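Only one structure is covered here, and it is reproduced in the block below.
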Amino acid sequence: QVQLVESGGGSVQAGGSLRLSCAASGRALRSYAMGWFRQAPGKEREFITAISWSGGNTYYSDSVKGRFTISRGNAKNTVYLEMNSLKPEDTAIYYCALGYGSSIPVPADFGSWGQGTQVTVSS
């Protein structure tokens with residue numbers, strides 16, 4: 001069973017930057033993609049970005065494209081999310097997750113959720 005632990009959240013003013021990290025521990029069934037989701041108060045969980053096992057393929061939602069960058073550590077079990085030009089609407093709990101089934105799995109194929117890390121962006 002794989003466990004995920006996120007870190008790096010916090011409070012920042014609009015226009016600022018934050019870097020989130022997610023470390024996976026335990027034994028995975030096979031190679032996996034890693035992704036980030038977020039959930040704002042009163043809203044559904046949103047799939048915002050993912051990276052394939054090799055790191056060669058990435059996905060970004062329109063809401064974060066051009067501002068956020070996902071990357072994967074050399075050991076493959078760590079994923080980072082560099083967030084720039086943050087906006088108040090980026091305020092949410094950010095979760096990382098593992099995905100199986102394809103290079104960039106669909107949201108329903110992600111699981112093994114971390115506990116989440118809060119990101120708050122003030123105007």
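The values are calculated or read from the model by the stated rules, or taken from the named source; none is laboratory data. What you see is a predicted model; the values in this text were computed from it and never measured. Cβ sites come from the backbone with ideal geometry, for glycine too, and all protein chains shown count toward neighbours. Side chains are part of the model used for accessible areas, which takes the heavy atoms of the whole protein and leaves out ligands, DNA and RNA. Shrake-Rupley method; radii C 1.70, N 1.55, O 1.52, S 1.80 Å.
Could you give the accessible area per residue of the chain, probe 1.4 Å, as a whole number in Å²? Mind dumping the intermediate values first?
Values: 6230 Å² over 123 residues.
Accessible surface, normalised per residue, equals 51 Å².
To the nearest 20 debye, what charge dipole does the chain have about its Cα centre, counting +1 at the Cβ of each Lys and Arg and -1 at the Cβ of each Asp and Glu? Display every interim value, and only then the final one.
Details: 11 positive and 8 negative charges, 56 e Å.
Dipole of the chain, to the nearest 20 debye: 260 debye.
Whole-Hz Karplus ³J(HN,Hα) for segment 83-94, in order, using 6.51 cos²θ - 1.76 cosθ + 1.60 and θ = phi - 60°, x for Gly and Pro?
Whole-Hz 3J(HN,Hα) from phi for segment 83-94: 10, 10, 6, 5, 10, x, 6, 7, 4, 4, 8, 9.
Count neighbours as other Cβ atoms within 10 Å of each site's Cβ, and list the trypsin sites (Lys or Arg not before Pro) in segment 1-43 that are DSSP loop with at most 15 such neighbours.
Numbers: sites: Arg19, Arg27, Arg30, Arg38, Lys43; in loops: Arg27, Arg30, Lys43.
The qualifying sites are Arg27, Arg30, Lys43.
Around Ala28, with a cut-off of 15 angstrom between Cβ atoms, what is the net charge of the other residues, counting Lys and Arg +1 and Asp and Glu -1? Provide the component values of the computation, followed by the final result.
Values: positive: Arg27, Arg30, Arg72, Lys76; negative: Asp109.
Value of the local net charge: +3.
Label 7 Å along Cα→Cβ of Gln13; segment 99-123 residues with amide nitrogen under 13 Å?
122-123
Say we join alpha carbon atoms closer than 10 Å with springs in a Gaussian network model of the chain; which of Ala23, Ala108, Ala33 then has the biggest fluctuation?
Highest fluctuation among the options: Ala108.
Report in % the part of the accessible area of segment 13-81 that belongs to carbon and sulfur, leaving out ligands and nucleic acids; probe 1.4 Å.
On the way: 1650 of 3680 Å².
Solvent-exposed carbon and sulfur of segment 13-81 make up 45 percent of the total.
Quick one: which residues, 5+ away or cross-chain, put their amide H under 5 Å from the amide H of Phe68? H built at 1.01 Å from N.
Residues meeting the criterion, in which the H sits 1.01 Å from N, are Asn84.
Out of these labelled values of Rg and Dmax of the Cα atoms in Å, [x] 14.2, 50; [y] 13.4, 43; [z] 13.2, 40, which was calculated from the coordinates shown here?
Label of the calculated value: [y].
Percent relative contact order of segment 57-123, based on C-alpha pairs within less than 8 angstrom and at least six residues apart? Don't skip to the answer; put the middle values down first.
Working: 79 pairs, mean separation 20.2, N = 67.
Computed value for segment 57-123: 30 percent relative contact order.
What relative contact order, as a whole-number percentage, does the chain give when Cα pairs under 8 Å and 6 or more residues apart are counted? Working shown, then result.
Values: 303 pairs, mean separation 43.2, N = 123.
The value is 35 percent.
Given H placed 1.01 Å from N in the peptide plane, which residues other than close sequence neighbours of Asn57 have an amide H under 5 Å from its amide H?
For Asn57, the qualifying residues are Ser52.
Mind jotting down the distance between the C-alpha centroids of segment 52-74 and segment 3-37, whole Å?
12
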